[in-house]
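A short worksheet on the structure shown next.
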Amino acid sequence: MSDAKKLYIKTYGCQMNVYDSERMAEALGGQGYVETQSPEEADMILLNTCHIREKAAEKVYSELGRMRGLKEAKPDLKIGVAGCVAQAEGEEIMRRQPLVDLVVGPSSYHRLPEMEEKTRQGQKALVTDFPEEDKFARLKGRPKAQRGPSAFLSVQEGCDKFCAFCVVPYTRGAEYSRPVKAVLDEARDLIERGVREITLLGQNVNAYHGEGPDGAEWGLARLIWELDKLDGLQRIRFTTSHPNDMDAALIEALGSCAKLMPYLHLPVQSGSDRILKRMNRSHTAESYLRLMEEIRAARPDIVLSGDFIVGFPEETEEDFQATLDLVEAVKYGYAYSFKYSTRPGTPAAERAQVEEAVKTERLGRLQNLITRHQREIQDGMVGREMSVLFEKPGRFEGQMVGKSDYLHAVHVKDAPVAVGDLRRVRIVESMTNSLAGELI
């Protein structure tokens, strides 16, 4: 193995990118690459980028600038940019950073081997189209190494919603759902390799509409019930969902499927109907709250998570207060909140912007409210019994760390358990960002 080429991948952003990075490593494994955690050791460096966060492209250019020394020290080093920034700015990346050898969009990872070969011949490689062939079908053959107890499984990509702030429809393309058989085959493969918990991924995962083995179109709920039948799989999760695609079958599954965990990430973005309309979200605050009521009626113990954009163009104090009111009504166990930042090419980028100081002040108020609810919900876990899937040793001798049904990190002292064990635990303490428990 000493002659193997070394591959270093730096992953930015969402769980979808984590999954994609794994598949990129597999695609290049056939070219003789093994992964390394050190960019200094690498024969190829890939930056798997995300376009969601503020100034995402500039951060990529800064990272590339820091790699100039590595390239100078090792002229044969190949540097590539993948992911959503690559999709959005492919030719510009090549122009601004001549040290980049290849640029590949998120729909074309299956072409990495031929692109790598092209760079070895001294040529640049740029592929950012949306190919007709299924990249998942082309990315076959996971190495049969053992995995951790939890894994991501991508079932849906792309988005047809065209929210005014979002670049996903432009960087990931139209909605595409993998066939049911392909998903089940990959799930079985993961289970054989030690995985006990699978999180189904998609930009709009609950818009899943894959072709079933019966020739019919299956929704996400039907797919989940089929996964529920797999021996060895103990937990199922899914993310990220859109309120408009939470149908009755999926809500019923949340209440009835024992393997489906009581946690749901369902972004709302704003509590103001005026701003939601300007965002092109196609739902209202009232319809979202009714949906929350239906979900909680089906699964009373569910922990909810959401996303919020503060300071969207034209947001007034009244609009922002409506967001605070919605958060107070829902009481999220987790939430992700950000100041609005422009994305070139999106409709909202051309509108009147809220002052930065106002955005900062509003974000602080929102996060204080969210943190209070998170604290109350986490503290309410003390004294409860719940299942914990153990994932790794803790920092202290004999300590093990796992995830609760509700996605909280749980630390257990003197735990005679192995990685991958699912055990009942009584929660005895709520800490800053985790829980402490004892085996039952």
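The values are calculated or read from the model by the stated rules, or taken from the named source; none is laboratory data. Here the structure is a predicted model, which is why all the values come from computation and not from measurement. Counting neighbours? That spans all protein chains shown, and the Cβs are built from the backbone with ideal geometry, glycine included. The protein model used for the area step is the full one, side chains on, heavy atoms only, and it has no ligands, DNA or RNA in it. Shrake-Rupley method; radii C 1.70, N 1.55, O 1.52, S 1.80 Å.
For the stretch 279-305, enumerate the residues that are hydroxyl-bearing (Ser, Thr, Tyr) and either surrounded by fewer than 18 Cβ atoms within 10 Å (Cβ to Cβ) or out of contact with any Phe, Trp or Tyr (no Cβ under 7 Å at 6 or more places or on another chain) (or both).
If the condition is that a residue be hydroxyl-bearing (Ser, Thr, Tyr) and either surrounded by fewer than 18 Cβ atoms within 10 Å (Cβ to Cβ) or out of contact with any Phe, Trp or Tyr (no Cβ under 7 Å at 6 or more places or on another chain) (or both), then SER282, THR284, SER287, TYR288 are the ones that fit.
Quick check on my filter: what residues within the stretch 1-23 are open to solvent by less than 40 Å² (accessible area, probe 1.4 Å) and either farther than 16 Å from ASP101 by Cβ or at pLDDT below 90 (or both)?
The answer is ALA4, MET16, ASN17, TYR19, ASP20, SER21, ARG23.
How many residues, within the stretch 251-268, are among the β-branched types (Val, Ile, Thr) and assigned to a loop (DSSP other than H, G, I, E, B)?
Result for the stretch 251-268: 1.
Give the residue, chosen from LEU254, LEU250, LEU223, LEU276, that is open to solvent by less than 10 Å² (accessible area, probe 1.4 Å) and not assigned by the TED database to the domain that holds GLY158.
On inspection, the qualifying residue turns out to be LEU276.
Report the residue count in the stretch 40-72 for those that are part of a helix (DSSP H, G or I), under 17 Å from LEU99 (Cα atoms), open to solvent by 30 Å² or more (accessible area, probe 1.4 Å) and at pLDDT 90 or above.
Residues meeting the conditions: 8.
When you check PHE390 against the structure, is it of a type in the set (Phe, Trp, Tyr), crowded, with 17+ Cβ neighbours inside 10 Å and not in a loop (DSSP other than H, G, I, E, B), yes or no?
Yes; evaluated as a whole, the condition is true for this residue.
Table: residues versus (1) modelled with pLDDT under 95; (2) in contact with a helix residue (DSSP H, G or I) (Cβ under 9 Å, 6 or more places away or on another chain); (3) β-branched (Val, Ile, Thr); (4) closer than 18 Å to GLY148 by Cα.
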residue	(1), (2), (3), (4)
VAL401	no, no, yes, yes
HIS408	no, yes, no, yes
ASP421	no, no, no, yes
ILE427	no, no, yes, no
GLY437	no, no, no, no
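Suppose we keep only residues that are open to solvent by less than 20 Å² (accessible area, probe 1.4 Å) and among the charged types (D, E, K, R) within the stretch 320-362. Which one would you say is modelled with the lowest pLDDT?
ARG343
If you scan the stretch 97-136, which residues turn out to be open to solvent by 40 Å² or more (accessible area, probe 1.4 Å), at pLDDT 85 or above and under 27 Å from GLN15 (Cβ atoms)?
Matches in the stretch 97-136: ARG111, LEU126.
Just give me the residues in the stretch 269-287 being under 22 Å from the mean Cα position of the chain (by Cα) and assigned to a helix (DSSP H, G or I), in sequence order.
MET279 - this is the single residue of the stretch 269-287 that is under 22 Å from the mean Cα position of the chain (by Cα) and assigned to a helix (DSSP H, G or I).
Of GLY90, GLY80, which residue is closer than 19 Å to ARG172 by Cβ and either of a type in the set (Ser, Thr, Tyr) or at pLDDT 95 or above (or both)?
Just a single option satisfies the conditions, and that option is GLY80.
Given the options LEU200, LEU264, LEU233, name the one that is under 23 Å from the mean Cα position of the chain (by Cα), modelled with pLDDT of 95 or more, surrounded by fewer than 22 Cβ atoms within 10 Å (Cβ to Cβ) and not acidic (Asp, Glu).
LEU233
Give me the pairs, please: first residue somewhere in the stretch 167-194 and among the polar types (S, T, N, Q), second residue anywhere and part of a helix (DSSP H, G or I), beta-carbon distance under 7 Å, and either six or more positions apart or on two chains.
From residues that are among the polar types (S, T, N, Q), the pairs are THR171/CYS84; THR171/GLN87; THR171/ALA88.
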